[in-house]
Amino acid sequence: MRRMIFSFLMVLIFTTVALADIKLGAIFSITGPASYLGLPEKQTLEMLVEELNKKNGINGEKIDLIIYDDKGEDAEARKKFLRLVQNDKVIAVIGPSRTGTSLAIKELAQEMGIPLISVAASKTIVYPVQKYIFKTPQSDEQAVEKIYDYLKKNGKKKIAIITSQDGFGDTGRNALIAEAKNYELEVVADERFKDTDKDMTSQLSKIAAKKPDAVICWGVGPAPAVIAKNYKQLNMNIPLFMSHGVASKKFIELAGAATDGIYLPAGRLVVVDKLPDSDKYKPILMAYKKSFEAKFNSPVSPFGGYAYDAFHLFKMAVEKAGKDKAKIADALQNIKGFVGVTGVFNMSKDDHNGLGKESFMMIRIKNGEWEIAE
């Protein structure tokens, strides 16, 4: 009898240990207008977790990954976040995909003490700094500085901006206006558009009348593709710049030949095949590209790269801090020198993004392909 009881207890203990896991949540815009952001993020995260679990997880514990779709909607993001925390008992959340959905849940994450690693771009996600809130994409200001460096170098003086009426567009517009003074650039036109707009010829005609040296569009989703098409239709022979929010083959698919000649700041992933072998990013970028494209038979995306970086930051923090949420947040803000897909991350108590403008390259689209413009 004693032997039976002992055996039963050993089985129970073994089963309990075997079932121990690390619950990681994620919220992405997997469907809806922003699905070209969320789908590669979801795929990347699933691929990385699968690979790591085959290698015995983190500190010997497997990762239990729970992903929800917020459809790009703020209310849905809040609902899914609460489900992850209250029902699924996750210790951290990666996502959401969009600035608006990230802003919709950041205060919840801070109040509930849940480390949140957003994969959306706006600086307002992480400024002012809060203990539990982080993000992996470069910020608006860094993208603006990269564009303005290029414009200044090429002797441009007058610019026009056209920005989306959402969180990403608002913070991009603010950065474009604020930084223009530092680069001695004059903003001669300031137009807005909605994500659902199907024609922007009115705004673009007003811009053309101001005769700028360059036009900068700031938005994500289908709308920038509409602007690119309208731009061609109006024969606007002025250089057109886009934000890093369109750094996806999906944008080229949507706008087609109208993308030819467009400039934008983007991470090195889109031109990895053109990088010299001496580039310190190339090995990690090539490894990610090959793994992703072999598994999903679709082009790798910088947006998936944001999820790649978020997961590795999470992994590094848990390796150091275990599953204590407050300690994970402390570990995240002390990560230094991590070479990711997006750039080199140097977090601190004052910077929960940790990237600089050197994480961008100026890219030009030519014949439906990315090329290095600098």
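Listed values, structure above:
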| quantity | calculated |
| --- | --- |
| Cα gyration tensor category, rounded, prolate or oblate, for the chain with a/c compared to 1.5 | prolate |
| The chain: relative contact order as a whole-number percent, Cα under 8 Å and 6+ apart | 17 percent |
| Choice from GLU111, GLU141, GLU179 showing the highest fluctuation, given a GNM over the chain with Cα pairs closer than 10 Å | GLU111 |
| Value in Å of the Kirkwood radius, where the stretch 328-374 supplies the Cα pairs that are averaged | 12.4 Å |
| Three-way shape call for the stretch 63-200 based on the alpha-carbon gyration tensor, with the a/c threshold at 1.5 | prolate |
| Crossing angle, helix 167-182 versus the chain [Cα axis fit, 0-90 degrees, rounded to tens] | 50 degrees |
| Candidates GLY95, GLY245, GLY32, ranked by Gaussian network fluctuation over the chain, Cα under 10 Å, top entry | GLY32 |
| Per residue solvent-accessible surface (Å²) - the stretch 15-102, probe of 1.4 Å | 41 Å² |
| THR163 long-range amide H proximity, modeled H, under 5 Å | GLU191, ARG192, PHE193, TRP218 |
| Accessible carbon and sulfur surface of the stretch 31-108 relative to its total accessible area, %, 1.4 Å | 47 percent |
| Of LYS156/LYS206; LYS198/LYS232; LYS282/LYS320; LYS194/LYS232, those spanning more than 23 Å from alpha-carbon to alpha-carbon | LYS282/LYS320 |
| Heavy-atom accessible area per residue - the stretch 216-374, 1.4 Å, Å² | 39 Å² |
| Shape of the stretch 205-345, Cα gyration tensor, a/c cut at 1.5 | prolate |
| Gaussian network model of the chain, springs between alpha carbon atoms under 10 Å - residue of SER298, SER118, SER164 with greatest fluctuation | SER298 |
| Relative contact order (percent, whole number), the stretch 87-215, Cα cutoff 8 Å, 6+ residue spacing | 21 percent |
| Tilt relative to the chain, helix 302-321 - C-alpha long axis, 0 to 90 degrees, to 10 | 40 degrees |
| Packing-based order for 156-163, 180-187, using average beta carbon neighbours within 10 Å, highest first | 156-163, 180-187 |
| Rounded to whole Hz, the Karplus (6.51, -1.76, 1.60) HN-Hα couplings of the stretch 347-357, x for glycine and proline | 6, 7, 5, 9, 9, 9, 10, x, 10, x, 5 |
| Table column - 3J(HN,Hα) (Hz), the stretch 327-336, Karplus curve with 6.51, -1.76, 1.60, x for Gly and Pro | 6, 4, 4, 5, 5, 4, 6, 10, 6, 10 |
| Cross-link partners of LYS152 among lysines (Cα-Cα below 21 Å; sequence separation of 8 or more within a chain) | LYS181, LYS210, LYS211, LYS357 |
| Antiparallel bridges, percent of DSSP beta bridges restricted to the chain (to nearest 5) | 25 percent |
| Candidate aspartates and glutamates for bridging to LYS54, where Cα separation is under 18 Å - those fewer than 8 sequence places away on the same chain excluded | ASP21, GLU46, ASP64, GLU319 |
| Amide proton proximity set for ASP64, modelled H, under 5 Å, gap of 5+ | ILE22, LYS23, LEU24 |
| Between 0 and 90°, nearest 10: helix 2-19 axis offset from the chain longest Cα axis | 10 degrees |
| Which listed pairs, of LYS79/LYS131; LYS55/LYS325; LYS327/LYS349; LYS42/LYS290; LYS42/LYS79; LYS135/LYS366, have C-alpha distances above 20 Å, in listed order | LYS79/LYS131; LYS55/LYS325; LYS135/LYS366 |
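The values are calculated or read from the model by the stated rules, or taken from the named source; none is laboratory data. Since this is a predicted model, take the numbers as computed values, not measurements. A quick note on method: Cβ atoms are made from the backbone with ideal geometry, for glycine too, and the neighbour counts reach across all protein chains shown. All accessible areas refer to the heavy atoms of the entire protein, side chains included, with ligands and DNA or RNA removed. Shrake-Rupley method; radii C 1.70, N 1.55, O 1.52, S 1.80 Å.
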